[in-house]
Amino acid sequence: MEVIIDSRAKLTLVQGDITGQTTEAIVNAANSSLMGGGGVDGAIHRAGGPVILEECKQIVSRQGKLPTGKAVVTAGGNLKAKYVIHTVGPIWYGGHRGEAELLASAYRESLELAAARGVKSVSFPSISTGAYGYPVERAAVVALQTVIDFLRQDSPLNEVVFVLYDTEAHRVYQKTLKRLVSEDTSAE
């Protein structure tokens, strides 16, 4: 599914493996240690090779662990993407500990880092919906609305791709995007 935002930026939903994306940057749903792990994080570290881990170690030695909702950038190593933007999404505790705000911050900070580097295209996974337990239905609303709002600003980004690993997440993101776009057009 593809939607054009304000006649200049494309938002696309695909099902697949984020490590094969050809966008200039991909986003890693990292843990705060930045040392790799399971899920998307482990797959990106394995596919990108040792360059990513070495740069992550340097970042952690300079600033410590990455707080939830923040983002940093490394080279893409062996990936097709030039950059990997690492962000830490929130663990789901029922929605009463600022999870939505922290998740929006993870997306926004990632987009700001991409824009600051002049990146034109970036791919995201569904942050926090794996091991961190964030419900996909709720995460999709936060993720898509945050990206749409960002793309409506004056930004060098002209393409954002959500790479959803499984069929169910892809279906939920499609349904949510259709709803958000129809709400936007009916509000005009």
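Tabulated results
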quantity: Enumerated helices (runs of 4 or more DSSP H) restricted to segment 31-140, each holding at least 1 residues that are farther than 30 Å from ASP154 by Cβ; calculated: 39-48, 50-63
quantity: Given (1) out of contact with any His (no Cβ under 7 Å at 6 or more places or on another chain); (2) more than 15 Å from GLY77 (Cβ to Cβ); (3) assigned to a strand (DSSP E or B); (4) touching a residue at least 12 places away in the same chain (Cβ under 8 Å), number of the condition LEU13 does not satisfy; calculated: (1)
quantity: Answer from ILE59, ILE85 - the residue that is of a type in the set (Val, Ile, Thr), crowded, with 18+ Cβ neighbours inside 10 Å and either in contact with a Cys (Cβ under 8 Å, 6 or more places away or on another chain) or over 25 Å from THR167 (Cβ atoms) (or both); calculated: ILE85
quantity: Out of VAL60, VAL51, sole residue that is touching a Leu at 6+ places or on another chain (Cβ under 6 Å) and farther than 26 Å from VAL141 by Cβ; calculated: VAL60
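The rows are residues; the columns are (1) surrounded by 22 or more Cβ atoms within 10 Å (Cβ to Cβ); (2) free of Cβ contacts under 8 Å to residues at least 24 places away in the same chain.
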| site | (1), (2) |
| --- | --- |
| ILE91 | no, no |
| GLU99 | yes, no |
| LEU111 | yes, no |
| ALA116 | no, yes |
| ALA139 | yes, no |
| VAL142 | yes, no |
| THR146 | no, no |
| LEU157 | yes, no |
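Yes or no, residue by residue, for (1) hydroxyl-bearing (Ser, Thr, Tyr); (2) in a helix (DSSP H, G or I):
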{"site": "ALA143", "(1), (2)": "no, yes"}
{"site": "GLN153", "(1), (2)": "no, no"}
{"site": "PRO156", "(1), (2)": "no, no"}
{"site": "VAL163", "(1), (2)": "no, no"}
{"site": "TYR173", "(1), (2)": "yes, yes"}
{"site": "LEU180", "(1), (2)": "no, yes"}
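Readers should treat all values here as calculations from the given coordinates under stated rules, not as data from a laboratory. Everything quoted here is computed from the prediction, not taken from an experiment. With ideal geometry, Cβ positions are generated from the backbone for all residues, glycine too; neighbour counts draw on all protein chains shown.
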